[in-house]
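Comments concern the structure below.
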Amino acid sequence: MPRLWADRNSLIRARRRPPPTPAPLPTASGQSTKTPSTATISGGQWAFGKPTGAGGQYGYPDPTSGRTGLNVYGYNLNGDYANNMPEYHLTSTSIDCTGALGTTLRYWRWLGVQGSASDHAYVRVSTDGTAWTTVWSNPLAANTDNAWVEHVLDISAVADNQPTVYLRWTMGATNSSRTYCGWNIDDLRLTALECTAPWLLGDLNCDGAVNFGDINPFVLALTNPSGYAAAFPDCNIMNADINQDGRLDFGDINPFVRLLTNPLGHGLPARVSPAGEPVPRSLVRGWQELLGRPAFQKVRPLLPVRRNSAMAGARRMRTPES
């Protein structure tokens with residue numbers, strides 16, 4: 001399931017005035033916590049504070065506050081960027097993306113910039129703070145935001161499983177013609193999938209092992225799927241599809257018993273349990289009592305779940321949240 005990597009510390013924090021002090025850019029908060037440092041500004045008119053709603057010689061003016069709170073990181077909070085300027089950068093602190101899969105950058109912007117034949121705005125990513133990969137640049141047409149717009153960028157090719165990741169927003173270079181309001185940035189976060197070991201077939205209580213503790217959950221999955229979902233909301237009911245035919249039915253009982261009593265060779269009957277103990281005769285009797293029929297009898301499917309049904313979904317991977 002998806003994991004939030006950098007949301008605890010918002011990109012923008014409202015500060016007491018006067019004057020506002022730079023708020024920290026976020027660090028990863030998946031498995032460890034860190035004290036973030038402030039962003040690095042490479043010159044020009046990058047600043048942290050409350051935008052004044054000025055500028056907009058072309059396009060639209062700056063906002064008058066952040067998307068949440070008062071302050072933003074922005075280029076010239078009091079008007080437009082300048083003509084004939086070089087690149088100036090806003091760079092995050094190092095972010096630990098170790099173990100991340102499908103890393104995605106999400107932030108909110110209010111950006112005005114002339115088309116890329118004249119002026120430039122970039123988003124870049126680096127793993128060492130020296131070599132930078134451009135993951136977004138302004139298009140040929142002018143970009144004229146007049147409201148906060150969420151910007152979502154796939155940075156997985158650069159950031160996945162990297163212990164140090166840097167984010168950078170660049171304003172410039174510009175030519176000598178028109179000027180716009182430039183960058184305003186708020187509410188940044190990184191999201192990624194957490195890599196975990198696949199669930200075990202037959203592990204119906206999701207404790208990481210297949211043992212006698214899975215018997216009752218297995219019976220519940222076969223006889224009352226909705227009850228199983230309520231009792232084990234974080235487990236995949238298809239772990240009960242022991243014969244891997246895409247259905248949950250009595251055809252899974254014998255394979256489950258063999259899996260339970262002989263995990264290394266569950267295709268054949270076994271005489272000992274996983275712990276090396278004799279298989280109790282009460283195991284088979286228990287199946288007869290719980291299911292109302294002999295455990296090794298061929299029966300009609302109880303739950304003829306089709307492969308294209310919702311129950312026949314992904315078997316070993318949790319669905320990412322929207």
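Values for this structure:
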| read-out | value |
| --- | --- |
| Segments classed as strands (runs of 3 or more DSSP E), wholly inside region 65-180, with at least 1 members that are touching an Asp or Glu at 6+ places or on another chain (Cβ under 6 Å) | 72-75, 100-109, 166-171 |
| All positions within region 117-161 that are over 26 Å from the mean Cα position of the chain (by Cα), surrounded by 15 or more Cβ atoms within 10 Å (Cβ to Cβ) and farther than 19 Å from PRO63 by Cα | SER118, ASP119, HIS120 |
| Residue in region 252-264 that is most open to solvent (accessible area, probe 1.4 Å), counting only those that are of a type outside the set (D, E, K, R) and either in a loop (DSSP other than H, G, I, E, B) or more than 13 Å from VAL219 (Cβ to Cβ) (or both) | LEU264 |
| VAL123 modelled with pLDDT of 95 or more and under 21 Å from ASN161 (Cβ atoms) | yes |
| Residue ID - surrounded by the most Cβ atoms within 10 Å (Cβ to Cβ), chosen from residues in region 238-251 that are touching a Leu at 6+ places or on another chain (Cβ under 7 Å) and part of a helix (DSSP H, G or I) | ALA240 |
| Some residue of region 222-237 being touching a Gly at 6+ places or on another chain (Cβ under 7 Å), of a type outside the set (Val, Ile, Thr) and more than 25 Å from TYR88 (Cβ to Cβ) | no |
| Residue within region 203-218 that is closer than 30 Å to THR52 by Cβ and either in a strand (DSSP E or B) or free of Cβ contacts under 8 Å to residues at least 40 places away in the same chain (or both) present | no |
| Residue in region 201-219 that is open to solvent by 50 Å² or more (accessible area, probe 1.4 Å) and either touching a Cys at 6+ places or on another chain (Cβ under 8 Å) or among the β-branched types (Val, Ile, Thr) (or both) present | no |
| Residue check for TYR81: farther than 28 Å from THR191 by Cα and either open to solvent by less than 40 Å² (accessible area, probe 1.4 Å) or over 22 Å from the mean Cα position of the chain (by Cα) (or both) | yes |
| Any hit, region 193-201, residues being modelled with pLDDT of 85 or more, closer than 30 Å to GLU150 by Cα, assigned to a strand (DSSP E or B) and in contact with a Lys or Arg (Cβ under 6 Å, 6 or more places away or on another chain) | no |
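The values are calculated or read from the model by the stated rules, or taken from the named source; none is laboratory data. Everything numeric in this text was worked out from a predicted model, so none of it was measured. Ideal geometry is used to build each Cβ from the backbone, glycine not excepted, and the neighbour counts take in all protein chains shown. In case anyone asks, the SASA skips ligands and DNA or RNA and just uses the protein heavy atoms, side chains included. Shrake-Rupley method; radii C 1.70, N 1.55, O 1.52, S 1.80 Å.
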